[in-house]
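Structure, as structure tokens:
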């Protein structure tokens, strides 16, 4: 199925500076942490880069919210465990008060820390970073921190996307006009990275309970986060959710999540499809990678696949989406305005592989439509 084009490209106000081709202004940073030592270290790291501008710091979430009334912030470094309101409770308030700032959660990778961090990502935090012990704030850590800040503050939205439909109604109308040769999906494959957990939660929460196509998900996460992520997905979706292993059978109504240390691929035996874990190097360098998931599904299901590419850094997924497109499958991508980083969905859109670019809130209706639950006959 060829991409659907439209002249109805909507303006993306909060991505205008990235799409305009103009030089990026300095990225404004706020640090929110109850430790004076951590705030001081982060301040030094941020001010070491001339493209970053430290505009405020706060020891509590309450103070941070107050300061956002009088300063513009692009990226907030947020500790989760603080006196008073705390980071989790404050996160939606910070997003609202900052009018769209990206939040980088700085947390530990303990089991408890992973649970809090994933809760924060589900609520809208864009990315996470390990907070090391005092001796761990070295040069490598500084470079990692600054890289994440730049990705969130400047993003990868630096060129105009390929023309694509930008609302689910026009997508449905165009699909109706192209029934001949259309390969109705038998499985949904979601790929995501930075900022993707929030989008995944929105999409799954809005799918109707009667929607029973199996869903497979590759989300870039540390291995220790994956079991907690699986439980989160089960809670928000109300569906059986498992982590892919060798020989996990794909069933109706099931969600299968890629293990954190293996690509999720697929084999078929008779009428049944099973997962197959692989750790062979992927072109994107990611493990797990979205590319082998999509490429394997394209072959096993003969293109009867709907690929969904959500917010994420880099280009993981574009090669797999190309294989799926060539097999006759359909791909939808998250739009630039709603993406924390428009790298992965942007790469798919710019390659002409996405049939539509949508915010997560509109994706559920598009997904159900392609499977015949909202008007397809």
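The values are calculated or read from the model by the stated rules, or taken from the named source; none is laboratory data. All values derive from a computational prediction rather than experimental measurement. So basically every Cβ, Gly included, is an ideal-geometry build from the backbone, and we count neighbours across all protein chains shown.
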Criterion (modelled with pLDDT of 95 or more and in contact with a strand residue (DSSP E or B) (Cβ under 6 Å, 6 or more places away or on another chain)) met by exactly one of 296, 278: 296
When you scan segment 210-224, do you find a residue that is surrounded by fewer than 16 Cβ atoms within 10 Å (Cβ to Cβ) and either in a helix (DSSP H, G or I) or in contact with a strand residue (DSSP E or B) (Cβ under 7 Å, 6 or more places away or on another chain) (or both), even just one? yes
Is it the case that residue 307 is touching a residue at least 60 places away in the same chain (Cβ under 8 Å), surrounded by 15 or more Cβ atoms within 10 Å (Cβ to Cβ) and assigned to a loop (DSSP other than H, G, I, E, B)? no
Please go through segment 248-283 and pick out each residue that is out of contact with any helix residue (DSSP H, G or I) (no Cβ under 9 Å at 6 or more places or on another chain), part of a loop (DSSP other than H, G, I, E, B) and either surrounded by fewer than 13 Cβ atoms within 10 Å (Cβ to Cβ) or at positive phi (or both). 252, 253, 270, 271, 279, 281
Single condition residue 321 does not satisfy, out of (1) surrounded by 24 or more Cβ atoms within 10 Å (Cβ to Cβ); (2) touching a residue at least 60 places away in the same chain (Cβ under 8 Å); (3) more than 12 Å from the chain's Cα centre (by Cα): (2)
Expected single match for surrounded by 15 or more Cβ atoms within 10 Å (Cβ to Cβ) and either modelled with pLDDT under 95 or not assigned by TED's automatic domain parsing to the domain that holds residue 131 (or both) among 34, 16, 74 is 34
So which residues in segment 81-114 are surrounded by 15 or more Cβ atoms within 10 Å (Cβ to Cβ) and in a helix (DSSP H, G or I), if there are any at all? 87, 88, 90, 91, 93, 94, 95, 97, 98, 113, 114
Could you check how many residues of segment 284-304 are without any contact (Cβ under 8 Å) to a residue 40 or more places away in the chain and either assigned by TED's automatic domain parsing to the domain that holds residue 126 or assigned to a helix (DSSP H, G or I) (or both)? 7
Which ones in segment 342-370 are within 13 Å of the chain's Cα centre (by Cα), within 14 Å of residue 202 (Cβ to Cβ) and in a helix (DSSP H, G or I)? 360
Is at least one residue of segment 134-153 modelled with pLDDT under 80 and on the phi < 0 side of the Ramachandran plot? yes
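Condition check: crowded, with 24+ Cβ neighbours inside 10 Å and either under 24 Å from residue 279 (Cα atoms) or modelled with pLDDT under 95 (or both). Does residue 245 satisfy that?
Numbers: crowded, with 24+ Cβ neighbours inside 10 Å: no; either under 24 Å from residue 279 (Cα atoms) or modelled with pLDDT under 95 (or both): yes.
For residue 245, the condition - crowded, with 24+ Cβ neighbours inside 10 Å and either under 24 Å from residue 279 (Cα atoms) or modelled with pLDDT under 95 (or both) - is not met.
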Can you tell me how many residues within segment 123-137 are assigned to a loop (DSSP other than H, G, I, E, B) and surrounded by fewer than 20 Cβ atoms within 10 Å (Cβ to Cβ)? 3
